[in-house]
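Written below as structure tokens is the structure these notes are about.
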Amino acid sequence: MSIYHTRPLVSDIRAMKKRGEKISMLFVTTPDEAAAAAEAGIQMLSIEGRFFDAEMREAAGDCFVQVGLPYGGWGSFQGRPLATGEDYLRAAFHYAALGGDAVYCAASYDIQKLLCDNHIAVVGHIGLIPSYITWTGWRAVGKTADEALALWHHTQMLERIGVFGAELEVVPDRVARYLTENSSLVMLGMGAGKYADAQYLFTEDVCGYGKTHKPRHGKMYRNFAPELERLQAERIAAFREYKADVDSGGYPADQHSVTIQDAEFDAFMTAARA
């Protein structure tokens with residue numbers, strides 16, 4: 001890592017790939033998750049734009065942060081969907097100003113190239129791409145020779161337009177290895193085997209509190225679910241007790257109220273009735 005900074009830059013991430021160093025990456029949605037990742041030494045974070053602000057950047061500490069730009073109907077920026085290259089560029093500059101180190105973009109090659117041409121560090125997507133899921137369904141992509149070749153051509157195109165990295169999602173391990181070893185792209189593997197440059201998981205899978213489908217590549221290191229369920233039950237109980245207290249007149253009690261001296265109140269009443 002450079003002696004001139006602590007947070008890794010794109011050049012540092014590329015150097016790690018070149019040296020064969022493994023990179024850990026997490027998807028986080030809250031400042032607490034980001035701060036825990038930073039404290040644990042996780043190198044890279046993925047944060048959707050709707051969750052990324054100055055508080056998240058501070059919580060992320062020395063982590064390299066990839067900010068996800070919503071695609072099509074998957075979200076919006078400043079109240080409108082991202083549709084044109086100008087929309088994406090404006091959003092990318094906004095998140096860069098907040099301290100984002102790169103942006104994730106799964107839009108067209110033209111839009112990704114526009115971002116790259118404006119010196120934005122861009123992470124693309126190869127393999128199972130959720131925003132394109134209607135074309136593939138939820139399955140591994142690249143298990144046939146034709147599909148694997150299409151992934152390779154996609155990789156080459158991303159490299160040509162200037163993308164520096166790509167999420168490599170649910171791709172057969174030998175195909176992932178070929179793509180990783182024969183491309184300058186930093187491959188952020190999610191269900192792509194051990195040969196990807198980085199291993200990328202969602203915090204909800206690592207901590208066991210995900211409510212959605214558990215992916216094959218997910219690994220739970222702690223099970224927060226029972227504790228979160230217990231806390232939710234306690235939260236509901238506290239709210240019920242509070243409502244009952246309000247209904248019965250038990251809250252607020254004298255100690256929860258502000259008092260006024262009798263003389264001041266009498267003077268107020270005399271003035272008010274005048």
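The values are calculated or read from the model by the stated rules, or taken from the named source; none is laboratory data. For clarity, every value in this text was computed on a predicted model and none was experimentally measured. Ideal geometry is used to build each Cβ from the backbone, glycine not excepted, and the neighbour counts take in all protein chains shown. Accessible surface is based on the protein model in full, side chains and every heavy atom, while ligands, DNA and RNA are left aside. Shrake-Rupley method; radii C 1.70, N 1.55, O 1.52, S 1.80 Å.
For the range 55-67, residues that are open to solvent by 10 Å² or more (accessible area, probe 1.4 Å) and touching a Lys or Arg at 6+ places or on another chain (Cβ under 9 Å) total 2. Taken as a whole, the range 120-129 holds no residue that is open to solvent by 70 Å² or more (accessible area, probe 1.4 Å) and over 13 Å from the mean Cα position of the chain (by Cα). Restricting 175, 122, 170 to residues that are at pLDDT 95 or above and not polar (S, T, N, Q) narrows the list to 122.
Flag: residue 246 does not match the condition of being in a loop (DSSP other than H, G, I, E, B), farther than 30 Å from residue 16 by Cβ and not acidic (Asp, Glu). Every test in (1) at pLDDT 90 or above; (2) over 17 Å from residue 190 (Cα atoms) is passed by residue 81 save one, and that test is (1).
Restricting attention to the range 149-185, the residues being of a type in the set (D, E, K, R) and either open to solvent by less than 10 Å² (accessible area, probe 1.4 Å) or closer than 21 Å to residue 114 by Cβ (or both) number 3. Could you please give the count of residues in the range 68-119 that are in contact with a Pro (Cβ under 7 Å, 6 or more places away or on another chain) and surrounded by 21 or more Cβ atoms within 10 Å (Cβ to Cβ)? Qualifying residue count, the range 68-119: 1.
The numbered conditions (1) out of contact with any helix residue (DSSP H, G or I) (no Cβ under 6 Å at 6 or more places or on another chain); (2) of a type outside the set (Lys, Arg); (3) open to solvent by less than 90 Å² (accessible area, probe 1.4 Å) are all true for residue 241 except (3).
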